[in-house]
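A short write-up of the structure that comes next.
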Amino acid sequence: MKIILRGKTRIVLLMGNNAIKIARVRFLRTFLRAVAFPFMSQANHGRFYKRYGQPFSIGICNYLIHGLHANRNEFDHYQKHRDARVVPTISIHLCGWIIIQPIRKEVSAMELSANNPFSSLPVDPDFLEKDQPWQFCRIGEKILLADYGRIETREALEKTLHIAAS
């Protein structure tokens, strides 16, 4: 078993042939965000509200459990679209606190730049994951997006789904 603590919102356990994504509750980050929020720019406020919701009380609650939302987004997207550009989500447990995906191999920056599945697609600039090799993996010969839980990522995937299918 290997634990990866890179995620801001989830812990990933690699066990056997599966990656188990467990949503984290971000108590300390939420407290710090709430304290700093009044001192942030209006642009930061806008990004926060766009991603987590309005009013602030709803947004900060969503920020606290964003890992749960990310797990549910990944599961829902894969179940609805069977998108061949993302790592399949096999199952969901405890109302989304845990999801399971097949295990995969890491992708280097060189591999991603040569074979990025999103390079020719008109994706929104908010889809930051498209150039981050740590967000991708290889299953067989295909490079797939492994972390697609952010709402902006899911929107970009859905907008380009018809282009990728053709």
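The values are calculated or read from the model by the stated rules, or taken from the named source; none is laboratory data. Predicted, not measured: the structure shown is a model, and the values here were computed from it. Because the Cβ atoms are built from the backbone with ideal geometry, glycine has one as well, and the counts that use them run over all protein chains shown. We work out accessible area using only protein heavy atoms, side chains counted, and drop any ligands, DNA or RNA first. Shrake-Rupley method; radii C 1.70, N 1.55, O 1.52, S 1.80 Å.
The requirement of being within 24 Å of CYS95 (Cα to Cα), touching a strand residue (DSSP E or B) at 6+ places or on another chain (Cβ under 7 Å) and open to solvent by 50 Å² or more (accessible area, probe 1.4 Å) is satisfied by ARG24. When restricted to residues that are under 16 Å from ILE151 (Cα atoms) and either open to solvent by less than 40 Å² (accessible area, probe 1.4 Å) or not in a helix (DSSP H, G or I) (or both), region 50-59 contains 4.
Scanning region 31-49 for residues that are part of a helix (DSSP H, G or I), surrounded by 10 or more Cβ atoms within 10 Å (Cβ to Cβ) and among the hydrophobic types (A, V, I, L, M, F, W, C) gives PHE31, LEU32, ALA34, ALA36, PHE37, PHE48. Residues in region 131-152 that are more than 17 Å from ARG104 (Cβ to Cβ) and buried (at least 20 other Cβ atoms within 10 Å of the Cβ): ARG150 alone. One residue alone among VAL12, VAL25, VAL35 is within 14 Å of ALA146 (Cα to Cα) and either in contact (Cβ under 8 Å) with a residue 24 or more places away in the chain or among the β-branched types (Val, Ile, Thr) (or both), and that residue is VAL12. Scanning region 62-96 for residues that are in a helix (DSSP H, G or I), open to solvent by less than 30 Å² (accessible area, probe 1.4 Å) and among the acidic types (Asp, Glu) yields one hit, GLU74.
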